[in-house]
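A.B. asks: I have a structure I would like to understand better, so I am pasting it below and will then ask my questions one at a time.
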Amino acid sequence: MFEQLNPTKMDPILGLMAAYRADARVEKIDLGVGVYMNDQGLTPVMRAVKKAESRLMELEHTKSYQGIAGDPQYNARMLDLLLGPHHPALKANRVRSIQAPGGSGALRVGAELILRARPNAKIWVGVPTWPNHIPLLGGAGLTIEEYPYYDIATREVNSEAMMQTLRQVPAGDIVLLHGCCHNPTGADLTKAAWDEITCIALERGFIPYIDIAYQGLGKSLDDDVYGLRSMAEALPELIIASSCSKNFGLYRERTGSISFVSATPAQADIVASQAMAVARQIYSMPPAHGALLVSMILGDPHLEQMWKTELDEVRTRIIAMRKMLTDSIQDNAAGLDFMHIQKQRGMFSFLGISSSQLQRLREEFGIYIVSSTRINLAGINSGNIDYLATSLRTVLA
Ligand code: LMR
């Protein structure tokens, strides 16, 4: 049987990660995979997570199954973090959430649930989007349609073209949106744009599916969920896939959740039962460790404050790197303008250089960047900025 299989290409982001690891040059720089690095180029365990882990070591007395929905306290606390504890949809008992193996696991459960409700559903994704959205959602069986999102020329969201396409989306279709810190462009929707999409969704009857993997890395924990909160209030139905990989630094612990806002509490219960049936079919039960840590942190004011302080440091450092990079390459020989990088938020921005320049950076200088020219700003630090700026200036000359 296996002889029927042909080798397949690795996901471009993960392929780049492997190539970087295999590169023996000491001066190499990783601007590829979306993992936070501090000024020493390290991805440490967050302080609050470390504290929670040692507490958990003492308190955890079993590794028995938790159940399909995972830890109920984690689910409730994640909803409070996403929606705010006093959100009208929570008060109306219209929201249900289950734990999922990372943001990717959450996205897949959401996709499978959509197909149970609407077997011919189409999902509209922005161009560009995170490359893995396509196999994750399309692989589940959803038909992928596209709407324009980012304008390469203006280096901004092309709101007009986006809204024009969204006005054509048929009732019952799904529209995928990035909650904040758009991956790969770093160009986020304004509050006015979120409000406009909410109105169009109400008019057209499509259902937004929000992927939020970077809450707290853009402007603030509350600002980053403006769209999500306003949609959950105004719309009868909404799906939210969330991840704790980046804001809690729990990448390998696969900690996420999938939440559904329904029109009524009774419908919400049905959706939750279907979501659990989906999870049972794919992986049965979610991993516990990361979720127990998040739940402990969010349930303890001291740990929560410690986490928020460190998350502020993370966000501030990334913003500082945006400025440091643009300042050091702005007057380049090619006359390229990089100021969009300062305006954008989250881990990523497009550099907007040519593919041959990108290739030179990798081959001659050991600087690893995804082929879309997406750079992870957190890969820049005070120790590598000079080398990075010099290399960039060289390939732009
Ligand atoms: C990224 O976009 O680099 C991260 O979300 C990691 C991944 O799985 O692609």
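The values are calculated or read from the model by the stated rules, or taken from the named source; none is laboratory data. These numbers were taken from a predicted model, which means no experiment stands behind them. Because the Cβ atoms are built from the backbone with ideal geometry, glycine has one as well, and the counts that use them run over all protein chains shown. Heads up: the accessible areas ignore ligands, DNA and RNA and are worked out on the full protein's heavy atoms, side chains in. Shrake-Rupley method; radii C 1.70, N 1.55, O 1.52, S 1.80 Å.
A.B. asks: I'd like the antiparallel share, as a percent to the nearest 5, of DSSP beta bridges with both residues in the chain.
C.D. replies: 50 percent
A.B. asks: Taking the Cα centroid of segment 350-395 and of segment 75-106, what is the distance between the two, rounded to the nearest whole Å?
C.D. replies: Between the Cα centres of segment 350-395 and segment 75-106 lies a distance of 38 Å.
A.B. asks: Sorting Lys91, Lys246, Lys323 by accessible area (1.4 Å probe), largest first, what list results?
C.D. replies: Largest to smallest exposure gives the sequence Lys91, Lys323, Lys246.
A.B. asks: A follow-up question, please. Near Ile68, within a Cβ-to-Cβ distance under 13 Å, what is the net charge of the other residues, with Lys and Arg +1 and Asp and Glu -1?
C.D. replies: +1
A.B. asks: Tell me, what is the per residue accessible area of the chain in Å², probe radius 1.4 Å?
C.D. replies: Computed with neighbouring chains in place, this is 44 Å² per residue.
A.B. asks: Report the net charge of residues surrounding His178, where surrounding means a beta-carbon distance below 9 angstrom and charges are Lys +1, Arg +1, Asp -1, Glu -1.
C.D. replies: After counting each charged neighbour, the total is -2.
A.B. asks: Could you tell me what percent of the DSSP beta bridges with both partners in segment 65-299 are antiparallel, to the nearest 5?
C.D. replies: Taking every DSSP beta bridge with both residues in segment 65-299, the antiparallel ones total about 45 percent.
A.B. asks: Under the 0.36 nm per residue contour assumption, what length would be gained going from the current alpha-carbon distance of Glu363 and Ala192 to full extension?
C.D. replies: Extra length from Glu363 to Ala192 when fully extended: 57.3 nm.
A.B. asks: To the nearest 10 degrees, how steep is helix 355-365 against the longest Cα principal axis of the chain, on a 0 to 90 scale?
C.D. replies: Its long axis makes an angle of about 70 degrees.
A.B. asks: Tell me the mean residue ellipticity at 222 nm calculated for the chain from its helices only (DSSP H runs of n ≥ 4, each -39500 (n - 2.57), averaged over every residue, nearest 500).
C.D. replies: My calculation for the chain gives -13500 deg cm²/dmol from helical runs alone.
A.B. asks: So, one more: Among Leu59, Leu202, Leu292, which one shows the highest mean-square fluctuation when the chain is modelled as a Gaussian network with alpha-carbon springs under 10 Å?
C.D. replies: Between Leu59, Leu202, Leu292, it is Leu59 that shows the largest mean-square fluctuation.
A.B. asks: Further question on the same structure: Rounded to a whole number, what % of the accessible area of the chain do carbon and sulfur atoms account for, probe 1.4 Å?
C.D. replies: About 55 percent, which is the carbon plus sulfur part of the accessible surface.
A.B. asks: How charged is the neighbourhood of Leu396? Take every other residue with its Cβ under 14 Å from the Cβ of Leu396, and add Lys/Arg as +1 and Asp/Glu as -1.
C.D. replies: -1
A.B. asks: Can you tell me the orientation of helix 47-59 relative to the chain, as the angle in degrees between its alpha-carbon axis and the longest Cα principal axis, to the nearest 10?
C.D. replies: Computed tilt is about 40 degrees.
A.B. asks: Right, another one. Tell me the angle of helix 72-83 to the major Cα principal axis of the chain, expressed in degrees between 0 and 90 and rounded to the nearest ten.
C.D. replies: Here the helix axis deviates by roughly 60 degrees.
A.B. asks: Hey, which lysines would be in cross-link range of Lys343, C-alpha to C-alpha under 24 Å, not counting anything within fewer than 8 residues on its own chain?
C.D. replies: Once the sequence-local lysines are set aside, what remains near Lys343 is Lys191, Lys219, Lys246, Lys308, Lys323.
A.B. asks: Let me ask you something else. Under 17 Å Cα-Cα from Lys122, which aspartates and glutamates qualify once same-chain neighbours fewer than 8 residues away are excluded?
C.D. replies: Those aspartates and glutamates meeting the cut-off are Glu112, Glu145, Glu146, Asp173, Asp211, Glu237.
A.B. asks: Still on this model: Assuming 0.36 nm per residue, please report the length gained on full extension of the stretch Gln267 to Glu27 beyond their Cα-Cα distance.
C.D. replies: 80.8 nm
A.B. asks: May I ask for the distance between the Cα centers of segment 301-330 and segment 141-179, given as a whole number of Å?
C.D. replies: Answer, in whole Å: 30.
A.B. asks: Hey, got a sec? Which GluC sites (Glu not before Pro) in segment 1-65 land in a DSSP loop and have at most 15 other Cβ atoms within 10 Å?
C.D. replies: Glu27, Glu60
A.B. asks: Could you order Cys199, Cys244 by accessible surface area, starting with the largest, using a probe radius of 1.4 Å?
C.D. replies: Heavy-atom accessible area, descending, gives Cys199, Cys244.
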